[in-house]
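The values are calculated or read from the model by the stated rules, or taken from the named source; none is laboratory data. These numbers were taken from a predicted model, which means no experiment stands behind them. When we count neighbours, we look across all protein chains shown, and the Cβ atoms used for this are built from the backbone with ideal geometry, even at glycine.
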Amino acid sequence: MTQPWILVTGNGAFGTSAARTELHYADNPSSAVALALDGEEIGGHRVVARSLAWDRRPEEALLPLLGDGAPPAAVISCGVFSGRTTVTVERTAVNVEDFQFAEDGRRPAGDPLYPDGPAAYLSTLPIKAMTTAMREAGVPALISNSASTHGCNAVMYTALHLAALRGLTTRCGFIHLPDTPEHVARIGHNGPSMDLALQISALRAGVTAVAANPSDIRVPANEWEW
């Protein structure tokens, strides 16, 4: 019997054309966080981690990772969100691309990711169980109700859309991570940051919660609003 597996992704470099220097990421910390778990066995699941290149559309990057064999039990994607103070587990992905700056010559201004797709998808991960597990691991974490309209939202929406189109039982969602102290120090910024080791602990706790919870825990929503 094939061992169940979980796909964890981080984002590649981006933001070279952004006017705001805090958005320049030659090395995206979300990839370092994701790749730190590659090959681990968590809750009976093998973790396969990959970095998604930003010179490709999310569908082109994600489709080969889903494979022709047994699909992953879950896809947990990660990205960095400059200015956020905590790890945030996303609830919603919207069918909109509206970029702050151009990426690889593209700057959508309110275009749909998929013209025939639904307006939005809700994460199919147990987001409250994940956030609870992260907090119990000593990591500040919240649920967020907006993944924005840039590449991170596109990755989350695409994973959910591909799973829906293929009729997969794969659960999909997204985790936003704060800046690292090294990034904030390098640009001389006064924004918040979180140590990379703490971010890795958060992701490991989140993956553990996904493996352990086929459905989410019931906690009043007002405690989790971002």
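Please go through the range 161-174 and pick out each residue that is buried (at least 19 other Cβ atoms within 10 Å of the Cβ) and under 24 Å from residue 205 (Cβ atoms).
Kept after step one, since they are buried (at least 19 other Cβ atoms within 10 Å of the Cβ), are these residues of the range 161-174: 161-163, 170-174.
Passing the criteria: 163, 170, 171, 172, 173, 174.
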Here is a list: 158, 208. Which entry is touching a strand residue (DSSP E or B) at 6+ places or on another chain (Cβ under 9 Å), assigned to a helix (DSSP H, G or I), surrounded by fewer than 24 Cβ atoms within 10 Å (Cβ to Cβ) and not acidic (Asp, Glu)?
208
(1) buried (at least 21 other Cβ atoms within 10 Å of the Cβ); (2) modelled with pLDDT of 95 or more: which one isn't true of residue 137, the others all being true?
(1)
Just the residues that are out of contact with any Lys or Arg (no Cβ under 7 Å at 6 or more places or on another chain), assigned to a strand (DSSP E or B) and not β-branched (Val, Ile, Thr), please, taken from the range 62-93.
77, 78, 79, 90, 93
Tell me the residue from 197, 129 that is surrounded by fewer than 15 Cβ atoms within 10 Å (Cβ to Cβ), at pLDDT 95 or above and of a type outside the set (D, E, K, R), please.
197
Could you tell me whether residue 120 is within 30 Å of residue 2 (Cα to Cα) and either at pLDDT 80 or above or touching a Cys at 6+ places or on another chain (Cβ under 6 Å) (or both)?
no
